[in-house]
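Worksheet for the structure shown next.
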Amino acid sequence: MSDDIEFLKDLIRIDSSTANGNETAVAKLIQAKLASAGIDSKLVEYAPGRDSLVADLNPDAPGPVLGFTGHEDVVNPGDLDTWTHNPYEPYIDGDKLYGRGAADMKSGLAGLVLTLIRLKKAGFPHHVRLLATVGEEYGAYGAKQLTELGYADDLSALLVGEGGDKKLKTGHGGSYNYQIISRGKSAHSSRPDLGINAIEKLADFITEERHLFDDAPQYPALGPFVHTITIINGGKQVNTLPDYAELRGNARPTPAFLNAEVTKRLQGLAEKLTNNGQPGSLEFHLIHSFIPVNDNPDSKAINTLSDAVEQVRGVKLEREFTNGATDASEFVKSPHHFDVAWYGPTNDGENQSHKVNEYVSIKHYEDAINIYEEFAKRYFA
């Protein structure tokens, strides 16, 4: 078994799921791997047990700075009984390496780390910065923190190590999470006239939200504006009117319908229903707001990545703008403009992200490392 595969397996063995919040162990494993090749790095604490990592290859080199980024966390595995094997004990069957995070995105992260080491060993003279982040799967906290600390302010391009390898992603929509809280008044269910049922006003919101965005402008590459209510909670006892209920929803902003417009409509609906003369009230709360990363299909970074893929895999990939947010949504909030490109060893057609028995193709993983290296060399050529 090659060292590259063993390193990926070691990363997968670490439970850095959203529920566990244990990215520090991932960061320290990466730090040790880089140190063994003579590359210094530092941990940036977001919270106890949650550290991002920053490593600079040739930090004093003049000229452009190329960024690599990947996230250290993974989604929760869910019911462990549904997995054929322990999701944190990777195993190989033919060309497939199984485990939580194999596809999303410890294979991409491992590939970027190993590329930095290859470049170091080859005497690569240019400045490359690795940004390994916490909390991408829920909040992109690490990318937000690193952006606010200025780590994106001198980048000329950023390569995100995920996004699939069937097509070249040239940009993506945003992701927007919100909460609606409904407040009422408790009473015995035999005397509903003495209380206010919080569920009823929440139901009114759900009914109107279904058509709230019917006239939202479409972005040609994505089609109709996407919005979904995904969580509902309310009530604790069957014979008591609930005084509290809530829902959570997700929307996907696009360059044609930005995050502020989503807020305006959702907040407006909550206020309208609060003030409609019926008892009870609704509160709007914004949880996460990731902005779209604008489509730039002919940037230097995208063209260079396309050439690197063709060199390694012998194919010319089509380009597309897609839904599905990444840490780039936070990094591009830097006041400094830079190009972004995406490539991960996960075949989009396999759709392995967040699935039970998640896997990555070993060949795709090895190809990705070669592509990342070729991309860096061509970018500075």
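The values are calculated or read from the model by the stated rules, or taken from the named source; none is laboratory data. Not measured: the values here are computed from a predicted model. Don't worry about glycine lacking a Cβ; one is built from the backbone with ideal geometry, like all the others, and counts go over all protein chains shown. Note: areas computed on protein heavy atoms with side chains; ligands, DNA, RNA excluded. Shrake-Rupley method; radii C 1.70, N 1.55, O 1.52, S 1.80 Å.
Anything in the stretch 235-254 that is within 34 Å of the chain's Cα centre (by Cα) and open to solvent by 40 Å² or more (accessible area, probe 1.4 Å)? List them, or say none.
The answer is Gly235, Lys236, Tyr244, Arg248, Arg252.
Counting residues that are among the polar types (S, T, N, Q), which strands (runs of 3 or more DSSP E) fully inside the stretch 288-381 reach at least 1? Before you say what the answer is, go through the steps one by one.
Details: elements: 319-322, 339-342, 359-361.
Answer list for the stretch 288-381: 319-322, 359-361.
Within the stretch 75-102, can you find the residues that are under 17 Å from Glu137 (Cα atoms), open to solvent by 10 Å² or more (accessible area, probe 1.4 Å) and of a type outside the set (S, T, N, Q)?
Residues satisfying the conditions are Val75, Pro77, Gly78.
Among what's in the stretch 34-48 and is small (Gly, Ala, Ser) and not in a strand (DSSP E or B), pick the residue that is nearest to the chain's Cα centre (by Cα).
Per the criteria, the residue is Ala35.
(1) surrounded by 17 or more Cβ atoms within 10 Å (Cβ to Cβ); (2) at pLDDT below 95: which one isn't true of Glu23, the others all being true?
Every condition holds for Glu23 apart from (2).
Residues of the stretch 245-293 being modelled with pLDDT under 95 and basic (Lys, Arg), which ones?
none
Go through the residues of the stretch 202-211 one by one and say whether even a single one is in a loop (DSSP other than H, G, I, E, B), modelled with pLDDT of 95 or more, of a type in the set (D, E, K, R) and touching a helix residue (DSSP H, G or I) at 6+ places or on another chain (Cβ under 8 Å).
No, the stretch 202-211 has no match at all.
For residues in the stretch 115-135 being open to solvent by 10 Å² or more (accessible area, probe 1.4 Å) and of a type in the set (A, V, I, L, M), which is nearest to Phe7 (Cα to Cα)?
Ile117
Restricting to the stretch 168-191, give me the number of residues that are free of Cβ contacts under 8 Å to residues at least 60 places away in the same chain and hydroxyl-bearing (Ser, Thr, Tyr).
Of the residues in the stretch 168-191, 3 are free of Cβ contacts under 8 Å to residues at least 60 places away in the same chain and hydroxyl-bearing (Ser, Thr, Tyr).
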